[in-house]
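Here's the structure, in structure tokens; my notes come after.
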Amino acid sequence: MEVILLERIDKLGQMGDVVKVKNGFARNFLLPRKKALRANKTNRKYFEDKRAELEAVNLQRKDEAKIVADKMEGLHIIIVRQASEGGQLYGSVSSRDITAALKNQGIKIEKGQIDLNSPVKELGKFNIPVKLHPEVEIEIAITVSRSDELSENDIENENTEKNNVNFDDSSEEEENNTKKVDDNNEK
């Protein structure tokens with residue numbers, strides 16, 4: 001089935017492109033979500049008449065997404081979950097959990113905008129891509145921890161480690177390595 005795209009879609013095309021897609025993709029995704037029109041004479045004429053209006057709406061959505069992206073820049077989310085001693089979670093962290101955590105911070109996005117390939121199933125720090133608009137993407141950092149105190153301490157320790165770089169340790173290691181080389185040469 002040929003369709004006319006009403007917005008930019010990754011790996012498919014730009015606004016106004018006439019592309020051939022599988023029937024199910026068009027019927028189940030593109031057409032119901034108003035991302036495309038069937039490519040026939042009537043819809044082509046309709047699209048050409050409304051092109052300027054559609055581009056203006058797309059530009060407005062892009063600007064709104066950039067504003068939200070600026071609010072989310074450098075955002076770090078802490079998600080508390082129960083976990084085993086080995087660090088495996090009893091359950092998982094999905095895009096729904098991340099959306100709820102963002103909502104608690106005053107940022108409203110839909111769970112479909114979070115590009116999470118598979119749920120997070122272990123403790124640790126992760127960078128999660130968020131697609132606010134087809135042309136605006138940002139990464140947010142999440143920490144999955146057993147408690148708020150542990151994760152806040154980890155963040156503070158990470159910040160101090162970045163600020164306090166110790167050059168003395170590296171010179172001691174170099175001296176030890178040169179002594180080992182000298183000892184090997186003497187034998």
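Every number here is computed from the coordinates shown, using simple stated rules; none is lab data. Predicted model, so just to flag it, every value in this text is computed and none were measured. We place every Cβ from the backbone using ideal geometry, glycine too, and count neighbours over all the protein chains shown.
Ranking Leu31, Gln14, Asn43 by Cα position along the charge dipole of the stretch 2-61, where only Lys, Arg, Asp and Glu carry charges on their C-beta atoms, puts Leu31 farthest toward the positive end.
Across the stretch 106-121, coupling constants 3J(HN,Hα) worked out from phi with the 6.51/-1.76/1.60 Karplus curve, θ = phi - 60°, read x, 10, 9, 9, 8, 5, x, 7, 8, 8, 9, 5, 9, x, 7, 10 Hz, and Gly and Pro carry x.
So if we plug the beta-carbon distance of Arg96 and Glu73 into 1/(1 + (r/R0)^6) with R0 = 22 Å, what FRET efficiency do we get, rounded to 0.05? Intermediate results must be reported in sequence, preceding the final value.
Details: r = 23 Å, r/R0 = 1.05.
Computed FRET efficiency for Arg96 and Glu73: 0.45.
Here the 3J(HN,Hα) profile of the stretch 124-135, calculated from phi with Karplus coefficients 6.51, -1.76 and 1.60 at θ = phi - 60°, is x, 10, 9, 9, 10, x, 10, 9, 7, 7, x, 10 Hz, Gly and Pro shown as x. For the stretch 1-117, relative contact order (Cα pairs under 8 Å, six or more residues apart, normalised by length) works out to 16 percent. The overall shape of the stretch 1-101, judged from the alpha-carbon gyration tensor, is oblate: a/c is not under 1.5, and a/b is no greater than b/c.
Distance between the modelled labels on Arg146 and Lys125, one decimal in nanometres: 2.0 nm (7 Å Cα→Cβ projection).
For a quick check: sort Thr143, Thr42 by the number of other beta carbons within 10 angstrom, fewest at the front. Please report the intermediate quantities before stating the final value.
Numbers: Thr143 20, Thr42 9.
If I rank by nearby Cβ atoms, fewest first, I get Thr42, Thr143.
Amide H contacts for Leu6 (H built 1.01 Å from N in the peptide plane; partners 5 or more residues away or on another chain; cut-off under 5 Å): Gly16, Ala36, Leu37.
Which pairs in the list Lys41/Lys108; Lys62/Lys103; Lys11/Lys125; Lys20/Lys103; Lys20/Lys125; Lys34/Lys121 are over 32 Å apart, alpha-carbon to alpha-carbon? Where the Cα-Cα span goes over 32 Å, the pairs concerned are Lys41/Lys108; Lys20/Lys103; Lys20/Lys125; Lys34/Lys121.
Relative contact order of the stretch 2-61, please, whole-number percent, based on alpha carbon pairs below 8 angstrom and at least 6 residues apart.
On the way: 60 pairs, mean separation 20.7, N = 60.
Answer for the stretch 2-61 is 35 percent.
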